[in-house]
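Each value in this text was obtained by applying a stated rule to the coordinates, not by laboratory testing. Keep in mind that what you see is a predicted model, and the values were worked out from it rather than measured. Please note: Cβ atoms are built from the backbone with ideal geometry, for glycine as well, and neighbour counts cover all protein chains shown.
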Amino acid sequence: MFPGYPIHSITNGVHAMTWTAPSFQKLFDTHLPDWRRDQLSLRYAVSIPTSDIWAAHVEAKRTLVEHVNREANAGFDREVLTIGFARRFAAYKRAGMIFQDLARLKQIVRAAGPIQIVFAGKAHPHDREGKDLIAHIHEMRDALHGSINVAYLTNYDMEVAKMFCAGVDVWLNTPLPPLEASGTSGMKAAMNGVPSLSVLDGWWIEGHLEGVTGWSIGDRVEACMEPGGGMDSFHAAALYDKLEQKVLPCFYKDRERFIEIMRQAIALNGGFFNTQRMMAQYLHDAYRLGQSPVVQPGSA
């Protein structure tokens, strides 16, 4: 499209003060007093005591769980690992992947510990596949009744999104690669110390450090596979394995390690994937470099 012109990329970022829960704003005000002016200072979150991070998370999770139980009568428990999936419902985002094998999912819960899953989002009015996905979530909620609590919140808006990004324990992201341009919901979650469990697509390719900022679903090898085909089954199996072998044991048996991952999510992901860094890159890489004066021959 643009022969002869070098094409570069600038990764998205999110506005830290908008997407940080009140409990985390108080936490950062105490330990990182300059964070509102300098969002890059979130990298110093590595110095915040893990007990303070967990206390802020518990407050944010209480707000979300109370909202879910009030709106959906879901019977959520604040002590149970809570997985969140909230975004536009489009087919390529594969919202129902975690339900591909219900028998396996139930076995994982019996072996490694309980989970509860909360969904929210809207489909475009003319997107039949997206609306079918929402119907599928409701069917799975009923099918898992008594073994795994599943909730779907209607009237998804910015205020609900803020509660989601701060109140869940793990942020689930399952796009079909390479269709995710960037994505920002996981960035918002990271601002609140919520690690991602995500397919390596979009921003997560840059933000992922295995067992440090979160966990991957599969690897980048499958990006060369034909979209569709066996990729859904491959990623579902990888999701189950990572949930059973890494995420649940870390949450229930090594809580201090889990909180350390939360702390690194703030420092490494929150400290980079923010609008302040993004705009600085646009200013330097696009606008200023694009306005270099033209030197006429012989004018030097």
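Restricted to Cα atoms, the stretch 7-115 shows a radius of gyration and a Dmax of 18.1, 50 angstrom. Each other residue within a Cβ distance under 12 Å of PRO49 adds +1 if Lys or Arg and -1 if Asp or Glu, for a net charge of -2.
Mean 1/r over all different Cα pairs, inverted: what Kirkwood radius does the stretch 58-107 give, in Å?
Values: mean 1/r = 0.0771 Å⁻¹.
Computed over the stretch 58-107, the radius equals 13.0 Å.
Computed on the Cα atoms alone, the convex hull of the stretch 129-260 gives a volume of 132 cubic angstrom per residue. Within the set (1) 81, 49, 35; (2) 79, 46, 38; (3) 57, 55, 35, the number that Cα extents along the principal axes in Å takes when calculated for this structure is listed as (1).
What order do you get for 265-276, 249-260 when each peptide is scored by the mean count of other beta carbon atoms within 10 Å, highest first? Intermediate results must be reported in sequence, preceding the final value.
Values: 265-276: 24.2, 249-260: 15.8.
In descending order of packing, they fall as 265-276, 249-260.
Explain nothing, just the number: dipole magnitude of the stretch 48-121 about its Cα centre with +1 on each Lys and Arg Cβ and -1 on each Asp and Glu Cβ, in debye rounded to the nearest 20. Walk me through the intermediate numbers first.
On the way: 11 positive and 7 negative charges, 83 e Å.
Its charge dipole is roughly 400 debye.
Under 25 Å of direct C-alpha separation, and excluding same-chain neighbours fewer than eight residues apart, LYS253 reaches these lysines: LYS61, LYS106, LYS242.
Let me spell out the model: positive unit charges on the Cβ of Lys and Arg, negative unit charges on the Cβ of Asp and Glu, origin at the Cα centre of the stretch 112-260. What dipole size does that give, in debye rounded to 20? Before the final figure, lay out the partial values.
On the way: 12 positive and 21 negative charges, 80 e Å.
Once rounded to the nearest 20, the dipole reads 380 debye.
Calculate how large, on average over all directions, the projected area of the Cα convex hull of the stretch 175-221 is; give the answer in nm² to one decimal.
Details: hull surface 12.0 nm².
Seen from a random direction, the Cα hull of the stretch 175-221 projects 3.0 nm² on average.
Sorted ascending by nearby beta carbons within 10 Å, beginning with the fewest, TYR240, TYR152 become TYR240, TYR152.
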